[in-house]
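Quick one: this structure, given as structure tokens, is what I'll be asking you about.
The values are calculated or read from the model by the stated rules, or taken from the named source; none is laboratory data. Remember, predicted model here, so these are calculated numbers, not experimental data. Positions of Cβ are generated from backbone atoms using ideal geometry, with glycine treated the same way; all protein chains shown enter the neighbour counts. The area values use the complete protein model at the heavy-atom level, side chains included, leaving out ligands, DNA and RNA. Shrake-Rupley method; radii C 1.70, N 1.55, O 1.52, S 1.80 Å.
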Amino acid sequence: MSQIAVLKPNTEREQGSKVQLGNVQATKHVADIIRTCLGPRSMYKMLMDPQGGIVVTNDGNAILREIMVKHPAAKSMIEISRTQDEECGDGTTSVIILAGEIMSAAQEFLEDQMHPTKIINAYRLALEDIDEFMNNDFGKTIDPNNDEDMAKLVNSALGTKFISRWMDLATKMAIKAVRTVHIKENGRTEIDIKRFAKVEKIPGGHIEDSEVLNGVMLNKDITHPKMKRRIENPRILLLDCSLEYQKGESQTDMELSNEADFTRILQLEENYIKEICDNIIALKPTLVFTEKGISDLAQHFLAKAGITAIRRVRKTDNLRIARCCGATIKSRTDEISEDDIGTEAGLFEIKKNTACTIILRGASKDVLMEVERNLQDAMQVARNVLLECKIVPGGGACELAVGSFLNQNAKKYHGEEQFPYRALARALEVIPRTLVQNCGGNTIRTLTELRALHAKGNNNHGVNGETGKICDMEKLDIWEPLTVKLQVYKTAIETATLLLRIDDIVQGTKRADGSEGIGAVSQN
């Protein structure tokens, strides 16, 4: 019987265990890229983009974001780093290293012809047990209003970063910024750092000059020289419409039969500007912000009425100002009312501190970019604790405690699934092992001693990231939010189960226009 060609001759296709083993190798390669970026003794990576820009960082997500990869499994790994950064803001390096190790742990079972479904079932059972153990039997609860406890937690996150030399300053800034944007009302807690904690980078000066301002800082000036630069207790109006004559969206042709027509057109423009300015002046605001332009004529009318106007404000800044002063952003001047005017702001003192601006100073643009990344991580850690008050020991102690629990718990499972279950417990040890390796310590001796300590129930013992020695994390005050750790385990294990389920890779699909690509089915 002759063969039937279903796919195009030049289509690349891989099937069976070869695909799964290829996925394992791809994930291991991605994990190896950033393995040295874990812990206080981590190394930095210098990345150059196609435009010639340079990124110097040890942040896992920032590194992988700049790397171009071809293998689909490697792309999935980069995606989980981005997910971890969006969900928790921390643990981006750990999740990649752990996912790579969990995939590596499955390799021996795949080579022994164990079905991937059995490995996946064992991993899922382990994830359920980890979730239950960490929520019920592990970690401790702290008071998020206690500055000392919050500082210890944020210090643990910053200890691995470039900004660790200025740890006290960065910790105070992160906690102050998060508490400023923290809103709790009607049983709902909201901490939106991206929208309401603005970071303004100003090259020059010293990092020690950085500070958190209560309120919103704009790099703008008044539009008319006669407008006031200083206003006590302003009445603020926010607009997202332009205060200038509306121009045609496309080319507009006008035919004028006599010279009076031109004068009439100018008059109509002036009347329109005067009308929208009169709408504003009627409510007697003292300060107007708009996201669009303000014409010279509108500036004249507003300045004559004693109103200060700022134009071309960014949407994000407008939202922050609205949050600070209680104003409502309006799209048309004929719809504004007294309720839309913001009156809750002072000159330098905001009465309702629900937005802030972080001023960062530094020697160069690259330094400022890295400091901003570090500070964002610190703010995310503080945010996680305010939302979920439970913490677990860091320095690899949590991974070893969970691994010890899984080894004990594996006895209640029977059959082949017990072996991948135990392999996952061993895979968790990659975090403390990597910390020791990055310090130049003796990996085998340190991990053997740590296993013995955790077998006796000393669950707070881990690796001192500075020295590579075994320490009690409670005495060192190295803690991490429970939400970050759980998210790392969930993301890593779920990604591994997804990649292990893949048994066929076809490179090439239909193009966007519907025509055949290299992987489309032939109609011949």
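Scan region 55-77 and tell me whether some residue there is aliphatic (A, V, I, L, M) and in a strand (DSSP E or B).
yes
Further question on the same structure: Restricting to region 441-455, and then to whatever is in contact (Cβ under 8 Å) with a residue 40 or more places away in the chain and surrounded by fewer than 18 Cβ atoms within 10 Å (Cβ to Cβ), can you tell me which residue is farthest from the chain's Cα centre (by Cα)?
Ala455
Which ranges mark the helices (runs of 4 or more DSSP H) fully within region 373-458 that have 1 or more residues being in contact with a His (Cβ under 9 Å, 6 or more places away or on another chain)?
In region 373-458, 397-409, 443-455 are the helices (runs of 4 or more DSSP H) which contain 1 or more residues that are in contact with a His (Cβ under 9 Å, 6 or more places away or on another chain).
Return the total of residues in region 33-53 being open to solvent by 80 Å² or more (accessible area, probe 1.4 Å) and either in contact (Cβ under 8 Å) with a residue 60 or more places away in the chain or assigned to a loop (DSSP other than H, G, I, E, B) (or both).
5
If you check Leu213 against the conditions, is it open to solvent by less than 40 Å² (accessible area, probe 1.4 Å) and assigned to a strand (DSSP E or B)?
It is false that Leu213 is open to solvent by less than 40 Å² (accessible area, probe 1.4 Å) and assigned to a strand (DSSP E or B).
Pairs needed: first member in region 133-161, in contact (Cβ under 8 Å) with a residue 60 or more places away in the chain and outside any loop (DSSP other than H, G, I, E, B); second member anywhere, open to solvent by 20 Å² or more (accessible area, probe 1.4 Å) and hydroxyl-bearing (Ser, Thr, Tyr); C-beta distance under 6 Å; at least 6 residues apart or different chains.
Leu158/Ser164
Where the second residue is crowded, with 17+ Cβ neighbours inside 10 Å and among the hydroxyl-bearing types (Ser, Thr, Tyr) and the first is without any contact (Cβ under 8 Å) to a residue 60 or more places away in the chain and lies in region 402-423, which pairs have Cβ atoms under 7 Å and are six or more apart or on separate chains?
Ala410/Tyr421
It is to be established whether one or more residues within region 124-145 are over 30 Å from Lys184 (Cα atoms) and of a type in the set (Asp, Glu). Step through it out loud before you land on a result.
Within region 124-145, the subset over 30 Å from Lys184 (Cα atoms) is 124-130.
Next, from what is left, pick out any that are of a type in the set (Asp, Glu): 128-129.
Yes: region 124-145 contains one or more residues that are over 30 Å from Lys184 (Cα atoms) and of a type in the set (Asp, Glu).
Rundown of residues vs (1) modelled with pLDDT of 85 or more; (2) under 14 Å from Thr495 (Cβ atoms); (3) touching a helix residue (DSSP H, G or I) at 6+ places or on another chain (Cβ under 9 Å), yes/no style:
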site: Val24; (1), (2), (3): yes, yes, yes
site: Lys45; (1), (2), (3): yes, no, yes
site: Gly52; (1), (2), (3): no, no, no
site: Val55; (1), (2), (3): no, no, yes
site: Asn58; (1), (2), (3): no, no, yes
site: Lys70; (1), (2), (3): no, no, no
site: Ala106; (1), (2), (3): yes, yes, yes
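Tell me which residues, restricted to region 249-276, are open to solvent by less than 100 Å² (accessible area, probe 1.4 Å) and under 30 Å from Leu319 (Cβ atoms).
Correct list: Tyr272, Ile273, Lys274, Ile276.
Do you know which of the residues in region 386-428 that are more than 13 Å from Asn121 (Cα to Cα) and among the acidic types (Asp, Glu) is modelled with the highest pLDDT?
Glu399
How about region 180-210: which of its residues are in contact (Cβ under 8 Å) with a residue 40 or more places away in the chain and in a helix (DSSP H, G or I)?
Within region 180-210, Thr180, Val181, Ile193, Arg195, Phe196, Ile207, Glu208, Asp209 qualify.
Further question: Check region 54-71 and report whether any residue there is buried (at least 22 other Cβ atoms within 10 Å of the Cβ) and over 20 Å from Met369 (Cα atoms).
Within region 54-71 (the criterion being buried (at least 22 other Cβ atoms within 10 Å of the Cβ) and over 20 Å from Met369 (Cα atoms)), the answer is no, since none of the residues qualifies.
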